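The values are calculated or read from the model by the stated rules, or taken from the named source; none is laboratory data. Bear in mind that the values here come from a model prediction, so they are computed numbers and not experimental data. Positions of Cβ are generated from backbone atoms using ideal geometry, with glycine treated the same way; all protein chains shown enter the neighbour counts. Heads up: the accessible areas ignore ligands, DNA and RNA and are worked out on the full protein's heavy atoms, side chains in. Shrake-Rupley method; radii C 1.70, N 1.55, O 1.52, S 1.80 Å.
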Amino acid sequence: MNYQVTSLYFYSVKYLLWATLCFGLNFFGCQAPFLYLMVIGIVFPVLISIRLNTLTEQGAVRSNRETHDWLVFVRGIPVQEKRRHLSNPFFYSTQRATQFFLKGFLLRAALQASIIGWTIFRWPPAQEWWVYAAVVVALLVMLYSLWHTPCNLYALYKDNWEVESFTSQTESQWFRAFFSWDKNRQGALENLLTPF
């Protein structure tokens, strides 16, 4: 049984600080980090989830959804609920997995580059020095995130990722992909959807 007593952004201090920085800069004329937070943090994962659901309905992807029991406290009242978390999916072929993640990372790179370009070309008007420092910090965080996207694309291009096979009950073969960075193995879907 898992417990939730706070909102989702409070689960990670890193995400809380990023959201606070983006929201704060929005008041000082720099809307790009907040847009980045909304697009890369919310809209892009929803689009990927919708696409995966469509591919699952077509039979091209085997969804690996796990159900977890949660006890959520709503105004002090415990409420039990079941949540299904989307985890790294299985594809019917490694070529299909490569195609899906290639398109996903290219879309992500285009969105990131557009928002970073908007940040640079729409620099906020004359402000205090700490506003400029905050904009530079936000820009560095977005550039750091953008750096990981071409690294993942390069790993896809060089076929430098791990593929795990799975045989279903009907004897069909399914494949899912993982990236390994510094001996840290992470699912390809997690790499695609992470905001940093």
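Overview of results
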item: Members of segment 168-179 that are open to solvent by 70 Å² or more (accessible area, probe 1.4 Å) and assigned to a strand (DSSP E or B); result: Q173
item: Among (1) open to solvent by less than 100 Å² (accessible area, probe 1.4 Å); (2) closer than 20 Å to Y15 by Cα; (3) part of a helix (DSSP H, G or I); (4) without any contact (Cβ under 8 Å) to a residue 60 or more places away in the chain - the single one C151 does not satisfy; result: (2)
item: H68, sole failed condition from (1) farther than 23 Å from A113 by Cβ; (2) under 17 Å from the mean Cα position of the chain (by Cα); (3) not hydrophobic (A, V, I, L, M, F, W, C); result: (2)
item: Qualifying positions in segment 20-44 - surrounded by 17 or more Cβ atoms within 10 Å (Cβ to Cβ), touching a helix residue (DSSP H, G or I) at 6+ places or on another chain (Cβ under 7 Å) and either among the small types (G, A, S) or in contact (Cβ under 8 Å) with a residue 24 or more places away in the chain (or both); result: L21, C22, L25, C30, A32, P33, L35, Y36, L37, V39, I40, F44
item: Qualifying residue in segment 130-138 (condition: crowded, with 16+ Cβ neighbours inside 10 Å, part of a helix (DSSP H, G or I) and not β-branched (V, I, T)); result: yes
item: Criterion: of a type in the set (D, E) and at positive phi - qualifying residue of E171, E128; result: E171
item: In segment 81-94, residue surrounded by the most Cβ atoms within 10 Å (Cβ to Cβ) [restricted to those that are of a type outside the set (S, T, Y) and more than 11 Å from A177 (Cα to Cα)]; result: L86
item: Unmet requirement for T54, which otherwise passes all of (1) modelled with pLDDT under 90; (2) under 25 Å from S168 (Cβ atoms); (3) open to solvent by 30 Å² or more (accessible area, probe 1.4 Å); result: (1)
